[in-house]
Each structure stands twice: as C-alpha cells, then as structure tokens.
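Structure, as structure tokens:
The values are calculated or read from the model by the stated rules, or taken from the named source; none is laboratory data. From a predicted model like this one, the values you see are computed outputs, not experimental measurements. When we count neighbours, we look across all protein chains shown, and the Cβ atoms used for this are built from the backbone with ideal geometry, even at glycine. In case anyone asks, the SASA skips ligands and DNA or RNA and just uses the protein heavy atoms, side chains included. Shrake-Rupley method; radii C 1.70, N 1.55, O 1.52, S 1.80 Å.
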Amino acid sequence: MLVKLKKEWFFNIKGDALAGLVVALALIPEAIAFSIIAGVDPMVGLYASFLIAVIIAFVGGRPGMISGATGAMALLMVPLVQDHGVEYLLAATILTGVIQVLFGVFKVAKVMKFIPRAVMIGFVNALAILIFMAQVPHFLGINNITYIFVAITLIIVYLVPRFFKSIPAPLIALVFLTGAAIFGGFELRTVGDLGTITQSLPSFLIPNVPFTIETFMIVLPFSLALAIVGLLESLLTANIVDDMTGTGSDKNKESRGQGIANFVTGFFGGMAGCAMIGQAIINVKSGGRGRLSSLLAGVYLMFLIIVLGEWVVQIPMPVLVGIMIMVAIGTFDWSSFNYLKKAPLSDSVVMVAVVAIVVYTHDLSQGVIAGVVLSAIFFVAKISKIKVEKKLLESTQYLVQGQLFFASVDDFLDKFDFEVEDKDIVIDFTDAHIWDDSGVGAVDRVVLKFRENRNKVEVVGLDTGSEKLVNQLAIFNSDNAKLPTH
C-alpha cells in the first residue's frame, strides 16, 4: 500500500506541486470560457473543473492527467440549456456519470484498439489547431501592448527552460507579467473580463427537476452523447499522456473514474467534464507526473478563486494566451508532415480528414468517428481484392486466393465461367478464408449454378474457421438444394 502511494502520489512532490499551480491558473479562463459556450454562469464551469480535478485524482486510471470542464462537452450542452435550463444540465451531468461508470464496468474502453494511428495523429493535430484558434479572439485586433505581452510570454516560455528548470516557465511568465501589467497600468484584457467570479465553495444540491420518465427522456440523449464524447476524449488524452511519460494507464478505471467525478459534480452545481488534453500537456510539460498534480490543480483553483480572487481576475489574458499558444505548438505533431509523405495514401487521407472535420465542426468526437469509419472503409477496400485462378487439369480447378466476405462477393462471382457443362470442377480454398454469411452465400451460388449444367462440383481446402462456417450456413450440401429465387 505504501509503495503504491509513493509510486502514484509522492514520487514527484515538487514537480507536481508547481505543475498543479500552472494548470490551476490556466484552468480559470478556460472554465469560464466553456461556461459561456454552454450558456451557464461561469461558476458552473469553475466548480466542475475543481470537483472533477480533485475527484479524478483519487479514482482515475491515469496519474498526471488533468480533467475538468471542456469545450467539446460544452458544445453538446447548448441545446439542453437553451430549451430547459441549467437544472436539467445538472441532472444530465449526474446521468452522464452513471453511464460512464457502466461503460467502465462493461470495459467499453476496449474499443480504443479500433482507433488507428492516423486518426490519433489527426486528433492531436486538430486539437492543437483548436487550442490556437481559441486564443485568437483574445489577442487579435485589440491593441499593440497585447501583442507585446503575448510575444514576451512566448519568449519566456520558450527560452527560460533552456537555462532554468526549477520553476516552470509558464509560472514565471504568469507572475512576472501579471505584476508588470498591474504596476505598469497597461491597457490589457484580464481574466475578470470573461465573467464574474463568486468567492465561495460549491454546496450540495439536488437538481430542481421533476423526477419523471419525461425528464429522464429529455436528458438521456444529452447524457449519452456527453458520456461517449467525454470517454472518447479522455481515453485519447490518456493515450497521449501515456506516450509522453512512457507509462501505462488503466482505461476502464479511467472510465469509471470519469463517471464518478461527473456524478458527484452534478450534485454540486457543476457541468459534465472529461480529460483536458491542453491542460494535461501543460501539466506534463511543467513536470507533473503523479496524482498529486491533479489534486493540487483543483485545490489551487479553489484557493485562487476564494482567497486570491481579486488578484486572479487581474491576470492579463495575453499571458495566458501566450502559454496556450506554446501548448498548441508543443501539441502539434510536426513530424506528421513527413508522415504524409511516407505513409500509405489512405492513412494520409484519414489524418487530413480528421483534422479538417474537427476544425470545421469544433467537435473532436465527430472527427475521430469519421476517421475510424474512413479507415474501416479503406481497410475493407484493401482486403476485398480476391483472386481466382483457373487451371485445366484432369478436372477444371479454381484456386481462390484472398478474403471472401460481403465486400469481395461480386468480384468472386465474376471469376467463374458458368457456361460449361458435364465437367468435374474443384474449387480450392487453400489460400483463402471465408468470413461471413455473404461469403458462404457466394460459395452456395457458385456451386449450385455449376450444378444446374450437370457439373460435378467439389469444394476443398477449407481451413477450420471457413469449414465451420460453411457447415453451419451453406445449403449446397443439402438434398435438392436450389438457388434462391430472390
């Protein structure tokens, strides 16, 4: 027990403590911005980020990963809030948690193995672009001093780690430039311009909604969408943090943890959330590795709001913008340009499609789902090429090579000459495999069409799996078997 505690909590105390502070400072404007997107009070997003970060530190499956209110989740909430109000959003958040816990119990995280590398690269690159795009309104076309502060932040965050690593560079930039802005009296937008911050802790409440089937049916579609998108984003983020840290994680435990966090958050006035890839990368790059970094990020967040709220609202937005731009630059997989040259065309198309769809829709889940579907289509097209070689020996032999399933049936049927009569015909599947009912149906069709012209047909070379499927489904061995009329 003590070994596990040290391994997950106390092996990197200084790094986790400093990284958690940087994350907390960056969480404030993002949580407020996501609340505005969802159409709710800024405190709904701030409470969510505090609660989820703290809870996930104890019950999550990926140490060092930061979770909270996110843009992808906020976008899904808009129609529910507009049509029914924030109380229904809280009810949906609770149900989202229940669904995610069930996902974890039934090990839905296994579907991650179906996400190809091209989709992962596209997801990361699209996210980097979205992070950058989200910063543009906060600095473009405001004033020259804003550009100067963004530039100085970028210089500090880029250069300081080359000479000094004891304190995270983003924290140095935040403290130094916030002080310069306050005492210099510069005309800059601040965190306080995004919304009002209430200096109070969240309190327990039960959503003020009718406990009826009608209410359940209203929130269920939103909760299901939130659960799926949240889980998808969390698991993809976990994979990225796994790669960055060279460590593994328990994806099913993470799903259960996200569910528990959302369930509790709904009872304390917070919106549903999930893993935040931008904040997770800030955490890792700032030295955060253990569960302590997530816990302290949440604790710092509430401390900043309650105790230092009057100072926090004075943090210049250009400083946070500069930090997030560096996160975007660090997140983007610059080697993907070389990947586009070397990878198969289908993989390159998938990667570009994922980026394009995510950037266009601002929805990470749509891009990932489209990428997986596109990859599946390309894969099916690739393996559906089937070869049938005809040999005239003592009997007419057809040597089949490839995979016989629904996508290759038409090509398979086109390879046979059904005009022959009174011949001995052998169809050899030694170098082929039959995968589904469509493949078995194609074999039936070939055999029975040959028999219509009094040919004697023998099917040989079936491997164990193909033979089992044929024995279960084929009709050509039945007495008086005939081709179906439809």
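Overview of values
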{"read-out": "Ranked by how many other beta carbons lie within 10 Å on average, peptides 71-78, 374-381, 49-56 from highest", "value": "49-56, 71-78, 374-381"}
{"read-out": "Positive-end residue of Val321, Ala353, Ser375, charge dipole of the range 285-393 with Cβ unit charges", "value": "Ser375"}
{"read-out": "37 °C / 0.692 mPa s Stokes-Einstein diffusion coefficient of the range 137-228, Kirkwood radius on C-alpha pairs, µm²/s", "value": "184 µm²/s"}
{"read-out": "Rounded to 10°, Cα long-axis angle of helix 364-383 versus longest principal axis of the chain", "value": "20 degrees"}
{"read-out": "Protection-proxy order for peptides 464-472, 103-111, each taking the mean of Cβ atoms within 10 Å per residue, highest first", "value": "103-111, 464-472"}
{"read-out": "Net dipole in debye of the range 277-365 [+1 Lys, Arg Cβ; -1 Asp, Glu Cβ; about Cα centre; nearest 20]", "value": "300 debye"}
{"read-out": "FRET efficiency, 1/(1 + (r/R0)^6) with R0 22 Å, evaluated for Leu308 and Ile145 via beta carbons", "value": "0.35"}
{"read-out": "Relative contact order (%) - the range 354-486, alpha-carbon pairs under 8 angstrom, separation at least six", "value": "19 percent"}
{"read-out": "The range 47-62 - phi-based ³J(HN,Hα) in whole Hz, Karplus 6.51/-1.76/1.60, Gly and Pro as x", "value": "4, 4, 5, 5, 5, 5, 4, 5, 5, 5, 4, 8, 10, x, x, 9"}
{"read-out": "The chain - percent of accessible surface contributed by carbon and sulfur, probe 1.4 Å", "value": "63 percent"}
{"read-out": "Two-decimal log10 I(q)/I(0) for the range 386-473, as the Debye equation yields it once each C-alpha is a single scatterer, q = 0.26 Å⁻¹", "value": "-1.47"}
{"read-out": "Ranked order, Lys342, Lys449, Lys391 - accessible area, probe 1.4 Å, largest first", "value": "Lys342, Lys391, Lys449"}
{"read-out": "Residue-averaged 222 nm ellipticity for the chain, from DSSP H runs of 4+ at -39500 (n - 2.57), nearest 500", "value": "-20500 deg cm²/dmol"}
{"read-out": "Cα centre as origin, Lys/Arg/Asp/Glu Cβ charges: the chain dipole, Debye", "value": "1580 debye"}
{"read-out": "1.4 Å probe accessible area per residue over the chain, in Å²", "value": "47 Å²"}
{"read-out": "Mean Cα-pair separation over length for the chain, i.e. relative contact order, pairs under 8 Å, 6 or more apart, %", "value": "25 percent"}
{"read-out": "Degrees, to the nearest 10: 13-38 long Cα axis against longest axis of the chain", "value": "80 degrees"}
